[in-house]
Structures are given as structure tokens and as C-alpha cells.
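Structure record follows, encoded as C-alpha cells.
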Amino acid sequence: MLVGVLSDIHGNKPALDAVLADMPDVDALVCAGDVVGYNPWPAECVDALRDREVPTVMGNHDRAVVTDTGFGFNSMAGAGVRYAREQLSDAQLAWLDALPTERTVDGIKLVHGHPDDPDRYTYPRMFSTTLLGGEDALVMGHTHVQYHERYDAGVVCNPGSVGQPRDGDPDAAYALLDTETLDVTERRVPYDVEAVVERVESVDLPAEIGTRLRTGR
């Protein structure tokens, strides 16, 4: 089975649209969290996953939005949380609130940050076989850094961020995972960053939310 793997969409509809348009025919989609936050299309991104019934786990920004507890974030992240709370309907908030912190789908375990702690950043240098707990594949997000590693016990994958890459490449990131061979293909897709910059400014979010997308940092 070929699975499209998403994470850290962060309310960036142009990036998500580009990823979905680029993606080949897949048997399923999964998402490792942070559907909302930062960028100015939280409702549209929630609906894109909800309408497709994409198995998704809760990211820290998702949790902050549904619990109204984003006050410990930096100013950009906090502004994104407040904006998302204003934009999301009760049904959309309920969908976010119902997301689990982990789930397993066809041998793929989804978490946001780390199997033991959804808020822990797990960078590529921290990948090891000890992260696997019996599943064939572990998918994590949170760092916004695209990377995967294959071990005898399985594969550990971060598909990178759809909506806010932080690995120096501004193109939207996602991955394809073959559940039979455990092969992972990392993909990058250009999208209209300037449209995001303009929309960020027009809704009075901090300008850097948009301008940082130009460099993928």
C-alpha cells in the first residue's frame, strides 16, 4: 500500500493544495499533526483533512487552539493560535479536540513529537531503532525537518512540514511510504509563497509568519 504522509500543515492552504496536486495516486493519507497554527487558512486546512477522513494526530498547535493555551508560545505562534480560534467553527474545533496523541494505521504509528512525549523535538540526529515499538513504521513531525532512516526493525520518518519548512528549503514537504517494502520517498513542491505573505499581512498576523517562508527557516 502506498501512503501519502503529511505533517505540520500549519494553516497554509496554498502549500497543502500544491502537495495534494503533486501527490501521485495513493491508497491512503495520514497526518502527524499541527494542522493549524501560524498561517491564515486554519479552517480550510482542517476541512481538507476532515472531508478526506485523513487519520491525524494532535500537534501542539492543534492542542493550544482547542484548549486556548498558546500563551507560552512566541509572538508569531501565539498570534496564529488566537487567529485559528477566531476562524474555526465549533465543528472544526470539535474535530481537532477529538484527535488522539498517537494512533496506528496499517502498521504505521503516528505521533507528533516523540513516542514518549508529543511535545519533544526529535531531530534526525536523534533517530534510532529504539524509537520503534513493534510497528513497521514510525511517523513523526514537529521539527519541520524532512528525514527518514531505515533499520532492520522498521523505518522512522519525518515527512517535513507542508506549511512551514525549517530545513532551509522553502518548498512544501511531504513523503510517500510503501507499507510493503517500507521504502520512503521524500518529495518537495514549490508553491506561491508570496500569496501567503500577502494574506498574512492582510489579516494582520505578524509579517514574519509569511516572510520566513521565503527561506524555509
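The values are calculated or read from the model by the stated rules, or taken from the named source; none is laboratory data. Keep in mind that what you see is a predicted model, and the values were worked out from it rather than measured. Here the Cβ positions follow ideal geometry from the backbone for every residue, glycine too, while neighbour counts run over all protein chains shown.
Results, tabulated for the structure shown:
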read-out: Filtered residue count, the range 69-109, keeping only those that are at pLDDT below 95 and among the acidic types (D, E); value: 1
read-out: Positions within the range 152-187 being in a strand (DSSP E or B) and out of contact with any Pro (no Cβ under 8 Å at 6 or more places or on another chain), in sequence order; value: G154, V155, V156, C157, L177, D178, V184, T185, R187
read-out: Filter pass, V66 being in contact with a Leu (Cβ under 8 Å, 6 or more places away or on another chain), under 18 Å from D8 (Cβ atoms) and surrounded by fewer than 17 Cβ atoms within 10 Å (Cβ to Cβ); value: no
read-out: Pairs, first buried (at least 16 other Cβ atoms within 10 Å of the Cβ) in the range 178-199, second of a type in the set (V, I, T) and part of a strand (DSSP E or B), C-beta under 7 Å, six or more apart; value: T179/V3; T179/I108; L182/V155; V184/V155
read-out: Check on Y83, buried (at least 21 other Cβ atoms within 10 Å of the Cβ) and either in contact with a Pro (Cβ under 7 Å, 6 or more places away or on another chain) or part of a loop (DSSP other than H, G, I, E, B) (or both); value: yes
read-out: Residue among Y174, Y121 that alone is among the aromatic types (F, W, Y) and free of Cβ contacts under 8 Å to residues at least 24 places away in the same chain; value: Y121
read-out: Which listed residue is under 12 Å from A32 (Cβ atoms), modelled with pLDDT of 95 or more and touching a helix residue (DSSP H, G or I) at 6+ places or on another chain (Cβ under 8 Å), from H112, H144; value: H112
read-out: Residue match in the range 116-129 (condition: hydroxyl-bearing (S, T, Y) and assigned to a strand (DSSP E or B)); value: no
read-out: Count of the range 11-57 residues which are of a type in the set (A, V, I, L, M) and over 26 Å from D119 (Cβ atoms); value: 6
